[in-house]
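Right, one structure below, let's go through it.
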Amino acid sequence: MQLAQTTDWLETASNVLIFGPSGTGKTHASIALGRSMIELGKRVKFLPATTLVQQLQQAKLQLQLPALLLKLDRYDLLILDDLGYVKKSEAETSVLFELIAHRYERRSLLITANQPFSQWESIFTDSMMTVAAIDRLIHHATILEMKAESFRKQAAISRSNAA
């Protein structure tokens, strides 16, 4: 709630990282936080991580990546949902790293992921890039861990018990 009530963390280019298993409310929380920032007058963009990575890759192929990164700077907060679904390929992870490095100490990121940092080598192509990305993200960050059973699973169980 504290993050949703002030823009101080955006003013200092801090990040929010939300971890937890599928169905525990990471996306819901990120949308709610983004909406709160909009209501407080900030510019926010929400994208599935895979969609943004595809846009970044396309821009890089067209030699327009620096321009796209500058365009994304217009947003005080960039929300990347489901980072864990980014495929481990050099093309994808290099542009993702470039985005993280570009926004570091300049603009805020909110990232949701279903894997803890210890499993991020499944996202980035090499351990040095993994360590460098994590280092930049956590330097100024609030880390939230969702510890719950999947809400979707709970709803399915309730429906089957009611039937």
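The values are calculated or read from the model by the stated rules, or taken from the named source; none is laboratory data. Since this is a predicted model, take the numbers as computed values, not measurements. A quick note on method: Cβ atoms are made from the backbone with ideal geometry, for glycine too, and the neighbour counts reach across all protein chains shown. Side chains included, ligands, DNA and RNA excluded: accessible areas come from the protein's heavy atoms. Shrake-Rupley method; radii C 1.70, N 1.55, O 1.52, S 1.80 Å.
With a cap of 10 neighbouring Cβ atoms within 10 Å, and only residues DSSP puts in a loop, list the trypsin sites (Lys or Arg not before Pro) found in segment 75-155.
Taking segment 75-155 and a limit of 10 other Cβ atoms within 10 Å, the loop trypsin sites (Lys or Arg not before Pro) found are ARG106, LYS147.
In the chain, what is the count of Lys pairs whose alpha carbons are under 27 Å apart, counting only pairs at least 8 residues apart or on separate chains?
21
In segment 113-151, which GluC sites (Glu not before Pro) fall in coil by DSSP and have 16 or fewer other Cβ atoms within 10 Å? Numbers along the way, then the final one.
Values: sites: GLU121, GLU145, GLU149; in loops: GLU149.
Listed in order of number, the matching sites are GLU149.
Counting heavy atoms of the protein chains only and a 1.4 Å probe, report the per residue accessible area for the chain as a whole number of Å².
Details: 8850 Å² over 163 residues.
On a per-residue basis, the chain sits at 54 Å².
Over the Cα atoms of the chain, compute the convex hull volume and normalise it per residue, giving Å³.
124
Below 9 angstrom from the Cβ of ASN114, what's the summed charge of the other residues (Lys, Arg +1; Asp, Glu -1)?
Local charge sum for ASN114: 0.
Rounded to the nearest 500 deg cm²/dmol, what is the calculated helix-only ellipticity per residue at 222 nm for the chain, with -39500 (n - 2.57) per DSSP H run of length n ≥ 4?
Result for the chain: -15000 deg cm²/dmol, rounded to the nearest 500.
Rank ALA148, LEU69, TYR104 by how far each Cα sits towards the positive end of the charge dipole of the chain (+1 on Lys, Arg Cβ; -1 on Asp, Glu Cβ) and give me just the farthest.
Comparing the listed Cα positions along the dipole, ALA148 ranks first.
I'd like the carbon and sulfur percentage of the solvent accessible area for segment 1-97, probe radius 1.4 Å, heavy atoms only, ligands and nucleic acids excluded.
In segment 1-97, the share of accessible area belonging to carbon and sulfur is 55 percent.
What net charge do the residues around THR50 carry, taking every other residue with its C-beta under 10 Å from that of THR50, with Lys and Arg at +1 and Asp and Glu at -1?
Neighbour charge sum, excluding THR50 itself: -2.
For segment 8-105, give the magnitude of the charge dipole about the Cα centre (Cβ charges: +1 Lys/Arg, -1 Asp/Glu; no others), in debye to the nearest 20.
240
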